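Comments concern the structure below.
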Amino acid sequence: MAAADDLKFQEFDDAANLLAANPDATTISIDEPVEIPKNQHSRQQEPGREEDDELLGTDDSDKTELLAGQKKSAPFWTFEYYQTFFDVDTYQVLDRIKGSVFPVPGKNFVRLYIRSNPDLYGPFWICATLVFTIAVSGNLSNFFIHLGKPTYHYVPEFRKVSIAATTIYAYAWLVPLALWGFLMWRNSKVMNIVSYSFLEIVCVYGYSLFIYIPTAILWIIPQKVVRWVLVVFSLCLSGSVLVMTFWPAVRDDNRRIALATVGTILLLHALLAVGCLAYFFDAPELDFPAPIIPAHNGTTVTTKSH
Amino acid sequence: MAAVEGSGAGGTLFPGLADVSISQDIPVEGEITVPVGSHSPDEDYSTLDEPVRDTIMRDLKAVGKKFVHVMYPRKSSALLRDWDLWGPLVLCVSLALMLQGGSADSKDDGGPQFAEVFVIIWFGAVVITLNSKLLGGTISFFQSLCVLGYCVLPLTVAMLVCRLVLLAGAGTISFIIRLIVVVAMFGWSTLASTAFLADSQPPNRKALVVYPIFLFYFVISWMILTFTPQ
């Protein structure tokens, strides 16, 4: 009887230990739903309410600090350190791309998809694809626009590739750096509940550029209206991803600074799109029918002579 | 007893452990030979004494055998095991040379310069290799460079065909022929390199590794297709 009681007590102890140990085991694995009842409960609340989103951010940000400390433990001069930034599977990258193209209103891209596992694969290869897509599409569109002219001789315009590469990689890496520095500075003055690491910001910017790849391909169509509609459409989609990510981070700050920050983010994003359109794609020319003008002058002269 | 066993078996089973002894009384002597994994025929004789022609012919034959492996990709490990970078260098230089002589109104608008082609091929191959290693691939750095470089061979053949077709004329028909040839060779290059490299990747990340290879050969194909002579 005493032995049975001892056994019972040990089983209970083991179960408790297992339950305490389990969350750690599952949260290290990358995309499993977290088994802690507290987090499950908070995820099942309505996503529309911003306080819950913020609370979700609180729980996750506490845990993400811990997880970030646990994962990247290799010193920065070893190869394994950089391997932690490429710890994604195919379906995860596809999910993140899908989340950047179809933004769900009220859901935060970083919290929903990145979840303390920022990767450098997406940003790097999306930027590389975008560079070559813009260069190739620009070249093709210029070819089709100038096709009928007798004086036109096709040139590959290879220098534009290096210009495109400089622009897009500078945008995808320097703007997140500036934004991260700015957010850190404001964080020291006003205690924000939600804060992002530099890699998470790079990740959001990298994945938000994905929508420009099909946009650049569609820019081959030599119609001004079509091109500008595409610009506005893609700007809305990727801009909304950025706004929904960064609004919770600056919301608690001074109203003007928060609005100025989000406005600057959107403005730079729009500048990139419009700048690429203007530089790499020649304007489609419109034809005016020529004979109308001399006839009009002729009739005016004859009437005046009377 | 252990020391006696050690010295008794040292000559046959464990030559490297011949000098390990537990007892300090028994002196130990013998040769330490570390068993090498593969016993390649090069170690049978010194290659310094052979005529230069033999050395060059051996390397040329190795390069030629790899060319054949690329044109008919099968699951052979010759490309992976004995990597060399002669083939990729020859292919890269010949491709870059053939891409010269394009027309340009100003220097800025023309095709890629020699250095640009060189940098794109080598820098692109290095980045793809780093990418596959960072994603957890088991292939070594130079093996991957070797495979990516050798698989440029179909595209070099396409460039040669394109230049020959352009000698005949630069109209629409020649463009269609060039397009078909370049697309076919692009597919061949990508499939050949994927066949060699895909096995060394973790299974749930294969697409992540194959896509940069696709992009790399697409850029080279684009440079070949848009080549316009003066």
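For this structure, a couple of remarks:
- Of the residues making up segment B:193-203, one or more are part of a helix (DSSP H, G or I) and farther than 30 Å from residue A:118 by Cβ.
- Screening residue B:226 with (1) over 17 Å from residue B:163 (Cβ atoms); (2) surrounded by 16 or more Cβ atoms within 10 Å (Cβ to Cβ); (3) within 11 Å of chain A (Cβ to nearest Cβ) gives one miss only, at (1).
Results for (1) of a type in the set (Gly, Ala, Ser); (2) modelled with pLDDT of 90 or more; (3) out of contact with any helix residue (DSSP H, G or I) (no Cβ under 6 Å at 6 or more places or on another chain), shown as yes or no for each residue.
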position	(1), (2), (3)
A:197	yes, no, yes
A:203	no, yes, no
A:206	yes, yes, no
A:209	no, yes, no
A:213	no, yes, no
A:217	no, yes, no
A:223	no, no, yes
A:228	no, yes, yes
A:231	no, yes, no
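- Of all residue pairs spaced 6 or more apart or on separate chains, those with beta-carbon atoms under 6 Å, a first member in segment A:231-245 that is without any contact (Cβ under 8 Å) to a residue 24 or more places away in the chain and a second member that is assigned to a helix (DSSP H, G or I) are A:243/A:262.
- For segment A:184-212, the set of residues classified as touching a residue at least 24 places away in the same chain (Cβ under 8 Å), surrounded by fewer than 23 Cβ atoms within 10 Å (Cβ to Cβ) and of a type in the set (Ser, Thr, Tyr) consists of A:195, A:197, listed by residue number.
- Test: residue in segment B:133-142 that is surrounded by fewer than 22 Cβ atoms within 10 Å (Cβ to Cβ), of a type in the set (Ser, Thr, Tyr) and within 14 Å of another protein chain (Cβ to nearest Cβ): yes
- Selected residue (only one of B:87, B:111, B:149, B:137 is over 24 Å from residue A:122 (Cα atoms), not aliphatic (A, V, I, L, M) and not in a helix (DSSP H, G or I)): B:111
- Which listed residue, of B:123, B:67, is among the aromatic types (Phe, Trp, Tyr), within 16 Å of the chain's Cα centre (by Cα) and at pLDDT 90 or above: B:123
- For segment B:196-213, the count of residues that are within 26 Å of residue B:110 (Cα to Cα) and either of a type outside the set (Ser, Thr, Tyr) or within 13 Å of another protein chain (Cβ to nearest Cβ) (or both) is at least one.
- Residue in segment A:222-234 that is surrounded by fewer than 19 Cβ atoms within 10 Å (Cβ to Cβ) and under 21 Å from residue A:173 (Cα atoms) present: no
- Output for segment A:130-159, where each listed residue is more than 30 Å from the chain's Cα centre (by Cα), surrounded by fewer than 19 Cβ atoms within 10 Å (Cβ to Cβ) and within 12 Å of chain B (Cβ to nearest Cβ): A:143, A:147, A:151, A:152, A:153, A:154
The values are calculated or read from the model by the stated rules, or taken from the named source; none is laboratory data. Remember, it's a predicted structure, so these values are computed and weren't measured experimentally. Note that we place each Cβ from the backbone using ideal geometry, even for glycine, and neighbour counts take in every protein chain shown.
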